[in-house]
Ligand SMILES: [Zn+2]
Ligand SMILES: [Zn+2]
């Protein structure tokens, strides 16, 4: 009997955390993320006595952000890989630095986490305890992302983490064909209700629009998450031989440089190097004032216009009918990015920013604006295909737990799967299941 406790990422995207416990009480934590909105920032509190290992699917903060909390006193082996650790460190440091919220951990706990880390190669079976093993598998989501296969008390459980089975330019897609037979699946549901547009077509349209704007003397501002999406945008521009000026700012600059140190996790490192060679990094605020009037592409976090370096460019771009803002990631409801797309107005509150000279903004966009869905998650069709290709053991219950998606996405995916004779649920935070 294996016990699965869902501690977060249930009917929500944020604070992903799942605790797996064997019959003799040995425990393994899968992810330990954070949520930014609302009061419940950390995973659900539970007894973590006899925690033998912590394993991370990837560096995104909704999976890694609360990890230092587990390193207050304990020395638990932390299984990850080199790029995920390096990126998680940058993101967690950044989170601690820029937050107004006092985290119950700091750089000291982050150091303990690093000291206890072990790099696990994909496909290598790692013993955690008696009758308890984990194996990392490629997840195709961002560089270094993995799914985790668990063998516990002769039960096999697959935790997908965040997955992408579609071709992107930054990483190879995940493939569920070669995964051994399983008893249970824990799967992400982010886009369980959505279909992404065909990728190639979208890339072409994106580059065509960028060229049109810069050829006419305008600038294209691409607000993008610093990790992965910024680099994907760079690769798309390079793939279609975009020859204009490209500037990269903020966290996107830091992560891009870091990726060069981990070529084995990048699909086409040559293309990436080539793209970066043509890119200019913005390192000083002074440079921002200069380049926003140049005809160029500016890639800068944050991806939903909630803050970051992008705010320094946005006023100039918004008021220029020749320029454009092209959003390349999902825009959560209530964010300035979503408002821009829906209302054509950019609204921003100064209180979110430490710079006291900044005033509240409410600007009607004169520039072009658009959304390009360069997602790094499997959509409705791809999730279905991924699940269909998996083989469940004949004597298993065909359990599928749908997590990492809003209430509607997780519950709809679960009911769809029930129709297909899986034993599927969308667990709620704090719920415990046994298989
Ligand atoms: Zn992710
Ligand atoms: Zn996630």
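Under the condition of being away from ligand 1 (no atom under 16 Å from the Cβ) and either at pLDDT 95 or above or buried (at least 24 other Cβ atoms within 10 Å of the Cβ) (or both), the residues counted in the stretch 173-193 number 8.
In the stretch 221-339, counting only helices (runs of 4 or more DSSP H) that sit wholly within it, the ones holding 2 or more residues that are at pLDDT 95 or above span 229-239, 251-259, 269-277, 310-318. All of (1) within 15 Å of ligand 2 (Cβ to nearest atom); (2) not in a helix (DSSP H, G or I) hold for residue 84 with one exception: (2). Total residues in the stretch 245-296 satisfying the condition of being within 13 Å of residue 235 (Cβ to Cβ) and under 19 Å from the mean Cα position of the chain (by Cα): the figure is 5.
A quick yes/no check of all residues on (1) away from ligand 2 (no atom under 16 Å from the Cβ); (2) crowded, with 20+ Cβ neighbours inside 10 Å; (3) assigned to a helix (DSSP H, G or I):
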| residue | (1), (2), (3) |
| --- | --- |
| 73 | yes, no, no |
| 93 | yes, no, yes |
| 108 | yes, no, yes |
| 118 | yes, no, no |
| 126 | yes, no, no |
| 143 | no, yes, no |
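Of all residues in the stretch 1-28, those satisfying the criterion of being on the phi < 0 side of the Ramachandran plot and touching a helix residue (DSSP H, G or I) at 6+ places or on another chain (Cβ under 7 Å) are 13, 16.
Within the stretch 151-164, residues that are closer than 18 Å to residue 387 by Cα sit with their Cβ atoms under 6 Å from residues that are assigned to a strand (DSSP E or B) and within 11 Å of ligand 1 (Cβ to nearest atom), at 6+ positions apart or across chains, in these pairs: 160/188; 162/188. Which of the residues spanning the stretch 23-38 are in a loop (DSSP other than H, G, I, E, B), in contact with a strand residue (DSSP E or B) (Cβ under 7 Å, 6 or more places away or on another chain) and surrounded by 23 or more Cβ atoms within 10 Å (Cβ to Cβ)? If the condition is that a residue be in a loop (DSSP other than H, G, I, E, B), in contact with a strand residue (DSSP E or B) (Cβ under 7 Å, 6 or more places away or on another chain) and surrounded by 23 or more Cβ atoms within 10 Å (Cβ to Cβ), then 31, 32, 33 are the ones that fit.
Filtering the stretch 371-399 to residues that are farther than 30 Å from residue 337 by Cα and either in a loop (DSSP other than H, G, I, E, B) or within 22 Å of the chain's Cα centre (by Cα) (or both) leaves 385, 386, 387, 390, 391, 393, 394, 395, 396, 397, 398. Please tell me if residue 41 is surrounded by fewer than 22 Cβ atoms within 10 Å (Cβ to Cβ), modelled with pLDDT under 95 and away from ligand 1 (no atom under 16 Å from the Cβ). In short, yes. Looking only at residues of the stretch 3-19 that are assigned to a strand (DSSP E or B) and over 15 Å from the mean Cα position of the chain (by Cα), we find that the one that is farthest from ligand 2 (Cβ to nearest atom) is 3.
The values are calculated or read from the model by the stated rules, or taken from the named source; none is laboratory data. Computed from a predicted model, the values in this text were never measured in an experiment. Note that each Cβ is placed from the backbone with ideal geometry, even for glycine, and that neighbours are counted across all protein chains shown.
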